[in-house]
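Below: the structure, in structure tokens.
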Amino acid sequence: MKHDRLFSITTVCFIVLGMAGVVALSRRMDRSRPVLDASEEEQLYVNAETAKRVSLGFNGLIADWYWLRSLQYVGHKIIDSRAPIQLDNLGPLNLKLLAPLLETSTTLDPQFLAPYEYAAVVLPAVDKTAAVRITRKGIASNPQVWKLYHGLGFIYWEQQNFQAASEIYGEGAAIPGAPPWMSVMHAQLAAQGGSRNTALEIYLRLYQDSGDPSLKEMARRRILQVQSLNERDAIRNILSEYSTRAGRCASSWQEVSDALRKARLRINASGAPIDPEESPYQLAKTGCDVDLDPVSRILRDRT
């Protein structure tokens, strides 16, 4: 009984000491954070190795803290920008702390996978070198997690380094339990890395495999963007064929409605084709081209 009581007291003391350390570290980080004005550069509270050294064994808890700070940091920047922002296009936000925050979180807990996923999808637009470094660190610490190879392959694909992307997908495909589509991506990237079909496949896999709702929404919107680009190409072909046949551009969608239906494009009651976000496509003033509706939610920043 005395031994059990002594063990309980020791355990409680250890927990209290650990929590005190966590509180002390949090306060130290807040004190270390500089007061910034528009002319000053942002700095990290403490670096990764310092945070690990003073975490008193509560590395996982402090890693969670840094991960939440990463999300809050990006969220505040997006809100302050007051402009529509896509998670894989955050370069204009000047997120100088994002890489150090993710670096610290993954140093404290190398098996914590969420920051690696964020580093692969979000960080490349801010710091490509750090994105590769952190994702490779994740692979080194978790060599049997195929999703990390998917993340690194995504980074290389975004950089149009299709050979490197293909090789990484090939390495991931060899891991026991990796899904068959990893081998498909290995071959597809080698054969047609820059195609829209490859983009569609990559974003589809990101959507299906990501556990982060914000990243899933980013992937969903990219999928719809690629689908819309393909639809607009099909519509342009129809308009071009009409112009060749009639000797003039179409003056309304009704003139090409039959061809739109045959191409299995969705049209609304007025005969206008509609995009994947349910807005009607616009017939350009010349009548020989197509564009998105100004209010359409389809992304416009990539072609």
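Return yes when ALA269 is modelled with pLDDT under 95, loosely packed, with under 12 Cβ neighbours inside 10 Å, of a type in the set (A, V, I, L, M, F, W, C) and assigned to a loop (DSSP other than H, G, I, E, B) and no when it is not.
Against the criterion (modelled with pLDDT under 95, loosely packed, with under 12 Cβ neighbours inside 10 Å, of a type in the set (A, V, I, L, M, F, W, C) and assigned to a loop (DSSP other than H, G, I, E, B)), ALA269 qualifies.
Conditions (1) more than 17 Å from the chain's Cα centre (by Cα); (2) closer than 18 Å to MET218 by Cβ; (3) not assigned by TED's automatic domain parsing to the domain that holds SER70, marked per residue:
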residue	(1), (2), (3)
LEU98	no, yes, no
VAL132	no, no, yes
ILE155	no, yes, yes
GLN159	no, yes, yes
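Looking at LEU224, is it at pLDDT below 95, on the phi < 0 side of the Ramachandran plot, surrounded by 15 or more Cβ atoms within 10 Å (Cβ to Cβ) and part of a helix (DSSP H, G or I)?
So LEU224 fails the test.
Tell me yes or no: at least one residue of region 71-84 is within 29 Å of GLN188 (Cβ to Cβ) and surrounded by fewer than 20 Cβ atoms within 10 Å (Cβ to Cβ).
no
Within region 256-301, how many residues are hydrophobic (A, V, I, L, M, F, W, C) and closer than 22 Å to ALA246 by Cβ?
So the count comes out to 11.
Look through region 45-89, keep the residues that are of a type in the set (Gly, Ala, Ser), in a loop (DSSP other than H, G, I, E, B) and more than 22 Å from SER214 (Cβ to Cβ), and return whichever of them is modelled with the highest pLDDT. Don't jump to the end; show me each part of the working.
If we filter region 45-89 for residues that are of a type in the set (Gly, Ala, Ser), which is where we start, we get 48, 51, 55, 57, 60, 63, 70, 75, 81, 83.
Of the ones still in play, those that are also in a loop (DSSP other than H, G, I, E, B) are 55, 57, 83.
Retained after the next criterion (residues that are more than 22 Å from SER214 (Cβ to Cβ)): 55, 57.
Working: SER55: 51, GLY57: 56.
Going through the qualifying residues, I end up with GLY57.
Within region 279-299, which residues are surrounded by 11 or more Cβ atoms within 10 Å (Cβ to Cβ), in a loop (DSSP other than H, G, I, E, B) and within 31 Å of the chain's Cα centre (by Cα)?
Of everything in region 279-299, those that are surrounded by 11 or more Cβ atoms within 10 Å (Cβ to Cβ), in a loop (DSSP other than H, G, I, E, B) and within 31 Å of the chain's Cα centre (by Cα) turn out to be SER279, TYR281, LEU292, ASP293, SER296, ARG297, ILE298, LEU299.
Results for (1) closer than 12 Å to LYS147 by Cβ; (2) surrounded by 18 or more Cβ atoms within 10 Å (Cβ to Cβ); (3) in contact with a Cys (Cβ under 6 Å, 6 or more places away or on another chain), shown as yes or no for each residue.
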| position | (1), (2), (3) |
| --- | --- |
| GLY172 | yes, yes, no |
| GLY177 | yes, no, no |
| ALA190 | no, no, no |
| ALA199 | no, yes, no |
| ILE202 | no, yes, no |
| SER214 | no, no, no |
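Looking for something under 30 Å from PRO84 (Cβ atoms), hydrophobic (A, V, I, L, M, F, W, C) and not assigned by TED's automatic domain parsing to the domain that holds PRO84 - is there at least one such residue anywhere in region 167-183? Lay out the reasoning, then the answer.
Going residue by residue through region 167-183, those that are under 30 Å from PRO84 (Cβ atoms) are none.
So far as region 167-183 goes, no, none of its residues is under 30 Å from PRO84 (Cβ atoms), hydrophobic (A, V, I, L, M, F, W, C) and not assigned by TED's automatic domain parsing to the domain that holds PRO84.
Answer yes if at least one residue in region 236-246 is of a type in the set (Gly, Ala, Ser) and either buried (at least 17 other Cβ atoms within 10 Å of the Cβ) or part of a loop (DSSP other than H, G, I, E, B) (or both), and no otherwise. Working first, answer last.
Taking region 236-246 and keeping what is of a type in the set (Gly, Ala, Ser), we get 240, 243, 246.
Cutting the leftovers down to either buried (at least 17 other Cβ atoms within 10 Å of the Cβ) or part of a loop (DSSP other than H, G, I, E, B) (or both) gives us none.
Within region 236-246, not a single residue is of a type in the set (Gly, Ala, Ser) and either buried (at least 17 other Cβ atoms within 10 Å of the Cβ) or part of a loop (DSSP other than H, G, I, E, B) (or both).
If I go through region 247-266 residue by residue, how many of them are of a type in the set (Ser, Thr, Tyr) and exposed (fewer than 14 other Cβ atoms within 10 Å of the Cβ)?
2
The values are calculated or read from the model by the stated rules, or taken from the named source; none is laboratory data. These figures come from a predicted structure and were not determined experimentally. Using ideal geometry, Cβ is built from the backbone for each residue, glycine included, and neighbour counts are taken over all protein chains shown.
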